[in-house]
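Note sheet for the following structure.
Laboratory data are not the source of any read-out in this text; all were calculated from the coordinates shown. Note that the structure is predicted; figures quoted are calculated from it, not measured. Every residue, glycine as well, gets a Cβ built from its backbone with ideal geometry; the counts of neighbours run over all protein chains shown.
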Amino acid sequence: MERIWNHVHYAIFNFYKKVYKILSYIDPFRLFYKIPVIKKFYAKGGIDDMNKFTDEIIFNNKLSGLHIVWAGIQMGGLIILLEYGFFNIFQTVIKKPVIQYIWESNNFYNLIFIALLLIIPWMINEKLLFKNDKYITYFEEFDKQPKYLRRKWNWISFTIIIMIFSFFILSFILMSTIY
């Protein structure tokens, strides 16, 4: 399970990197950073190429770049979709719309519900991905794999993501039987 979840995380991270690379071709700041006066300004701060710095440090850094943060958020979001789908199935099984009681005003249940929705994904991702930077070890291993194997795992990851979204949507269709 840990290896598969890290493959999904790796695929999302690389997806963000590819989208960023495509969008960088139309980014006006990339041209702005090539102006000699601007280059000199950043060179005084020790940055020779601001575009390269932006790519490697701000966005694509595996430890603290924006893409790894966004990929981690997406991993939590996938678990939240699974949780909510199971919650909808639970409501279908007991044939009672519990959600309306949770969101009633003047009750404490909505805070507990939101806390559970957020704490469970954090615990799972902490255990499978982030504890002792496990994902870095997996990313280094996945980077060394042949291209055909990475492509295969990208398709498997894409399928897992589509299945999670489908499960979430289908849980609402099931739940419509109780309304």
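Laid out as a table, the results:
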{"item": "Helix 147-175 vs. the chain, principal-axis angle (Cα, 0 to 90°, nearest 10)", "result": "30"}
{"item": "Residue pairs, from the table 62/127; 17/152; 18/44; 34/144; 39/147, whose Cα atoms sit over 29 Å apart", "result": "18/44; 34/144; 39/147"}
{"item": "Cα shape, the stretch 93-171, gyration tensor, a/c 1.5 rule", "result": "oblate"}
{"item": "Chain lengthening between residue 132 and residue 39 when straightened (0.36 nm per residue, less Cα-Cα)", "result": "29.7 nm"}
{"item": "FRET efficiency, residue 95 to residue 19 (Cβ-Cβ, R0 45 Å, nearest 0.05)", "result": "0.55"}
{"item": "Sparse-neighbour loop sites [chymotrypsin sites (Phe, Trp or Tyr not before Pro); the stretch 44-107; at most 12 other C-beta within 10 Å; DSSP]", "result": "103"}
{"item": "Helix 66-94 axis, angle to the chain major axis (alpha carbon atoms, nearest 10°)", "result": "10"}
{"item": "Residue exposure sequence - 150, 30 - by fewest surrounding Cβ within 10 Å", "result": "30, 150"}
{"item": "Selected from 82, 66, 149 as most flexible by GNM, with the chain as the system and alpha-carbon contacts under 10 Å", "result": "149"}
{"item": "Taking all pairs of distinct alpha-carbon atoms in the stretch 19-69, Kirkwood radius in angstrom", "result": "11.6"}
{"item": "Rounded to the nearest 20 debye, dipole of the chain from Cβ charges on Lys, Arg, Asp, Glu", "result": "580"}
{"item": "Mean-position separation - Cα centroids, the stretch 2-77 and the stretch 86-157, in angstrom", "result": "25"}
{"item": "Paired Rg and Dmax values of the chain, which use every Cα atom, in angstrom", "result": "21.3, 68"}
